[in-house]
Amino acid sequence: ARLQEDPSDIDGWLRLGRSWQVLGEPEKSVAAYKQAAERAPERADVQLDYARALFPPGAGNRAMPQAFIDTVARVREIEPDNPEGLFFGGMIAERRGDADTARELWTRLLERLPEDSPIRDAIQQRLANLGAG
């Protein structure tokens with residue numbers, strides 16, 4: 001009801017999205033995050049929340065929604081070196097069969113990660129799985 005009175009409350013939409021996630025209502029969560037993303041197109045953090053709701057961790061081989069692809073592109077426009085934007089961009093490129101772009105994005109990501117980052121090995125494995133190029 002509060003968001004109907006003030007639909008510009010981005011933080012309120014984000015809280016609602018998180019609440020729906022916790023309650024196991026992914027469709028409602030996506031809808032709330034979409035509202036926030038539409039109201040804050042210049043905020044990479046809000047766009048990433050929406051992207052994660054669209055294609056959550058563990059989505060595996062599920063098809064990537066076009067909205068996810070478009071949202072990641074928006075993040076990369078706002079913050080070209082955003083680590084999640086680089087990671088997701090590499091995933092999208094890999095899925096499209098564009099190993100060169102995936103390699104370039106994941107290599108840029110590795111350059112920005114601390115040496116002791118727990119995800120370095122996973123990124124290096126993804127790069128190795130791309131093969132020589």
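Taking a 1.4 Å probe, which of Val46, Val22, Val30 shows the most accessible area, and what order do the others take after it?
Ranked from most to least accessible, the order is Val22, Val30, Val46.
Quick check for me: using +1 on Lys/Arg Cβ and -1 on Asp/Glu Cβ, what's the dipole size of segment 1-71 about its Cα centre, in debye to the nearest 20?
So the dipole magnitude of segment 1-71 works out to roughly 260 debye.
Where does segment 1-78 land on Rg(C-alpha)/(2.2 N^0.38 Å)?
1.06
Suppose the chain between Arg112 and Ala63 were pulled fully straight at 0.36 nm per residue; how much longer would it get relative to their current alpha carbon spacing?
Value of the extension gain: 14.8 nm.
Considering only protein heavy atoms, with the full assembly of protein chains and a 1.4 angstrom probe, order Ser29, Ser8, Ser19 by accessible area, largest first.
Most to least solvent-accessible, the answer reads Ser8, Ser19, Ser29.
Compute the acute angle (0 to 90°) between the alpha-carbon long axis of helix 26-39 and the principal axis of greatest extent of the alpha-carbon atoms of the chain; round to the nearest 10°.
90 degrees
Based on the Cβ-Cβ distance of Arg96 and Gln125, what FRET efficiency does E = 1/(1 + (r/R0)^6) give at R0 = 30 Å, to the nearest 0.05?
Taking R0 as 30 Å, the efficiency between Arg96 and Gln125 is 0.95.
For the chain, count the residues as N, evaluate 2.2 N^0.38 Å, and divide the Cα radius of gyration by that value, please.
Against the empirical 2.2 N^0.38 Å value, I get 1.14 for the chain.
For the chain, take the longest principal axis of its alpha carbons; what is the angle in degrees between that and the long axis of helix 66-78, to the nearest 10 within 0 to 90?
The angle comes out at about 80 degrees.
Taking R0 as 22 Å, what's the FRET efficiency between Ile10 and Ala73 from their Cβ-Cβ distance, rounded to 0.05?
According to the calculation, E is roughly 0.60.
The values are calculated or read from the model by the stated rules, or taken from the named source; none is laboratory data. Here the structure is a predicted model, which is why all the values come from computation and not from measurement. Please note: Cβ atoms are built from the backbone with ideal geometry, for glycine as well, and neighbour counts cover all protein chains shown. Just so you know, the surface numbers come from the protein's heavy atoms only, side chains and all, with ligands and any DNA or RNA stripped out. Shrake-Rupley method; radii C 1.70, N 1.55, O 1.52, S 1.80 Å.
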